[in-house]
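Below: the structure, in structure tokens.
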Amino acid sequence: MAIRNIRLEKDEILKKKSREVDVIDEKIQTLIDDMIETMYKNNGVGLSAVQVGILKRIVVIDVEDGEGARVLINPKIVKTKGEQEVDEGCLSFPNQYAKVVRPKEVTAEALNRDGKKIVIKAKDLLAQAICHELDHLEGITFVDIMIPGTLEYVEPNKK
Ligand code: NI
């Protein structure tokens, strides 16, 4: 496993659309392991493959709900319900936060890393994380959809 470099806000790749994964091979498994390690190393709750420079429809998410790192390959949101206004950040936009409106609940379908179809019924933070990461696969970042004027720069904690 290895930590991969996270592409930052000015990087044009973040605006590109990712492609479906058709074969979950060794290379994809390594990518997934690296994405999980990179997400944890940077204290993120989610990471998409495009953020490490790979235009494939893969996201990893861990909202610390006891489920560990969820792996979603070729994910789709099939149902949404309600709305929530939430603070959001992104590992590609260090120290920046803004308010966005997300669905309160989502149902998503994807393949797991074994290629098995999974259905995730999510609400609150998990619903937010799924929407955020799936946006990345379309080349959309949170600053594209934030409530205008809510972007804040927060100094990192000096420890
Ligand atoms: Ni992000």
Here, trypsin sites (Lys or Arg not before Pro) of the stretch 33-118 satisfying both criteria (DSSP loop; at most 13 other Cβ within 10 Å) are 116
Calculated over the stretch 12-153: convex hull of Cα atoms, volume per residue (Å³): 100
Please report, in debye to the nearest 20, how large the charge dipole of the chain is about its Cα centre when each Lys and Arg carries +1 at its beta carbon and each Asp and Glu carries -1 there. 280
Estimated [θ] at 222 nm from DSSP helical runs (n ≥ 4, -39500 (n - 2.57)) normalised by residues in the chain, nearest 500: -6500 deg cm²/dmol
Around residue 30 (Cβ within 13 Å, Cβ-to-Cβ, excluding residue 30; K/R +1, D/E -1) the net charge comes to -1
With the charge dipole of the chain built from beta-carbon charges (+1 for Lys and Arg, -1 for Asp and Glu) about the Cα centre, the Cα from 80, 95, 38 projecting farthest to the positive end belongs to 80
Under the rule rounded for a/c under 1.5, else prolate if a/b exceeds b/c, else oblate, using alpha carbon gyration tensor axes a ≥ b ≥ c, the stretch 97-147 is classed as oblate
For a label point 7 angstrom out from the Cα of residue 9 toward its Cβ, which stretches of the stretch 90-105 have the backbone nitrogen within less than 19 Å? 90-101
Pairs to check: 81/117; 41/99; 41/76; 41/79; 17/81. Give those whose C-alpha atoms are more than 30 Å from each other in this structure. 41/79
Loop sites in the stretch 23-65: GluC sites (Glu not before Pro), DSSP, at most 13 other Cβ within 10 Å: 64
Cβ-based exposure ranking for 18, 48, in which fewest neighbours within 10 Å come first: 18, 48
Quick calc, the stretch 84-159, dipole around Cα centre from Cβ unit charges on Lys, Arg (+) and Asp, Glu (-), nearest 20 debye, gives 340
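Every number here is computed from the coordinates shown, using simple stated rules; none is lab data. No experiment lies behind these values; they were computed from the predicted model shown. Methodologically, a virtual Cβ is constructed for each residue, glycine included, from the backbone with ideal geometry; neighbour enumeration extends over all protein chains shown.
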